């Protein structure tokens, strides 16, 4: 610590390039599919931009590119980091359960709310892909035209938009959490901030150094 | 309890609920529409309608320029303006609209003319068995048998929910065939061809059933 000046606070590495690529690939795919999906779904937008076939093709090919890109990131990237994150996100220890009931509790790399966000995001991504695939297939082969496919796809969209609004608020506006945006863009976060919000993770990182 | 099982259970629970929804979820936009105030549903449409088009531009027909041509096997082929249609006996009905993709809008109020009243003015030949409805949105078209077209709840509508048919719903005149999925209810109709045999419509050339009875076609139970 002696060599560091006060002007440059200590940083700690939170996200590898693989984790950041996965985040931004999913984010850009989601936003493009949301934009094209809303044009297909909302009557006012469908009337305004009536080139439905073009918009539908962009929507579908974005979905294909999104799935392929995510598969590539998983296969070619740092799988260990991704799997460690997933193991972390699935685990709700005593502190996480306390945190979820609104009490103060020391948190790991992800707080319990972030863990819920990871679980919902992964589950929704799989369900979006599944229902989207059957929307596509059902139009071509009516054996696969199920009653609830559209309703599932639409419901996932409504809930996802609500989750996204909360996510953007916490990442960009909320004073105590917005520093995390730095971690998902550059990979590093301020160590003092991390020690306050992710104490167990910072301790484990220091111990392993 | 194993701490990791909590997150795993939540994850698998979400997936399971989603997969079940694929088969069992019903369209609930109609319910939402009854619950939210009109100011909300103006911004975020919850009426349940989706607007499907196949061409690059949506037809934009000025009511004064509208013409409905009825030709084919007719002794007196004719062209009707919107005013001409308004002089024919006015029919009104409330019927449900079902889309083959799974959404429905219940209790739509339509006003227009019955096809019998149109046919009476063009002297159809005895050999007519099918009516081909052509849309201004080329190449969209579909057909009904004569018998289907004369069912008591089939009409050429020029009003919807108390006003002129809005452009996205087929202004100024569309077909309404409530007992079949929506793709049979051709929007922006500008020609009816009377024929001796049936033709496949736009979606039927893409694999959909010609006789698209709601609940009894297209593989839907």
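Does residue B:198 qualify as being more than 16 Å from the chain's Cα centre (by Cα), closer than 29 Å to residue B:123 by Cα and surrounded by fewer than 19 Cβ atoms within 10 Å (Cβ to Cβ)?
yes
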* Asked: Within the stretch A:62-82, can one find any residue that is within 10 Å of another protein chain (Cβ to nearest Cβ), out of contact with any helix residue (DSSP H, G or I) (no Cβ under 6 Å at 6 or more places or on another chain), assigned to a helix (DSSP H, G or I) and under 26 Å from residue A:152 (Cβ atoms)?
  -> no
* Asked: more than 8 Å from chain B (Cβ to nearest Cβ) and surrounded by fewer than 16 Cβ atoms within 10 Å (Cβ to Cβ), is that true of residue A:140?
  -> no
* Structure fact -> residue A:107 fails exactly one of (1) within 18 Å of residue A:203 (Cβ to Cβ); (2) surrounded by fewer than 19 Cβ atoms within 10 Å (Cβ to Cβ); (3) touching a helix residue (DSSP H, G or I) at 6+ places or on another chain (Cβ under 9 Å), namely (2)
* Identify the single condition in (1) more than 10 Å from every other protein chain (Cβ to nearest Cβ); (2) loosely packed, with under 14 Cβ neighbours inside 10 Å; (3) farther than 19 Å from residue A:126 by Cβ that residue A:94 does not satisfy, given that it satisfies every other one. => (1)
* Taking the condition without any contact (Cβ under 8 Å) to a residue 12 or more places away in the chain and either facing chain B (nearest Cβ under 10 Å) or assigned to a helix (DSSP H, G or I) (or both), does residue A:118 pass? -> no
* To do: Determine if the stretch A:143-159 includes at least one residue that is within 27 Å of residue A:127 (Cα to Cα) and within 13 Å of the chain's Cα centre (by Cα).
  => no
* Positions within the stretch B:18-68 being more than 14 Å from chain A (Cβ to nearest Cβ), modelled with pLDDT of 75 or more, loosely packed, with under 15 Cβ neighbours inside 10 Å and not in a helix (DSSP H, G or I), in sequence order -> B:62, B:67
* Is there a residue in the stretch B:155-177 that is farther than 30 Å from residue A:135 by Cβ, over 18 Å from the mean Cα position of the chain (by Cα) and surrounded by fewer than 20 Cβ atoms within 10 Å (Cβ to Cβ)? -> no
* Structure fact -> The strands (runs of 3 or more DSSP E) lying entirely within the stretch B:83-164 that contain at least 1 residues which are at pLDDT below 95 and touching a strand residue (DSSP E or B) at 6+ places or on another chain (Cβ under 7 Å) are B:91-98, B:104-113
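The values are calculated or read from the model by the stated rules, or taken from the named source; none is laboratory data. Fair warning: this is a prediction, and the values are worked out from it, not measured in the lab. Quick reminder, even Gly has a Cβ in these numbers, built from the backbone with ideal geometry, and neighbours come from all protein chains shown.
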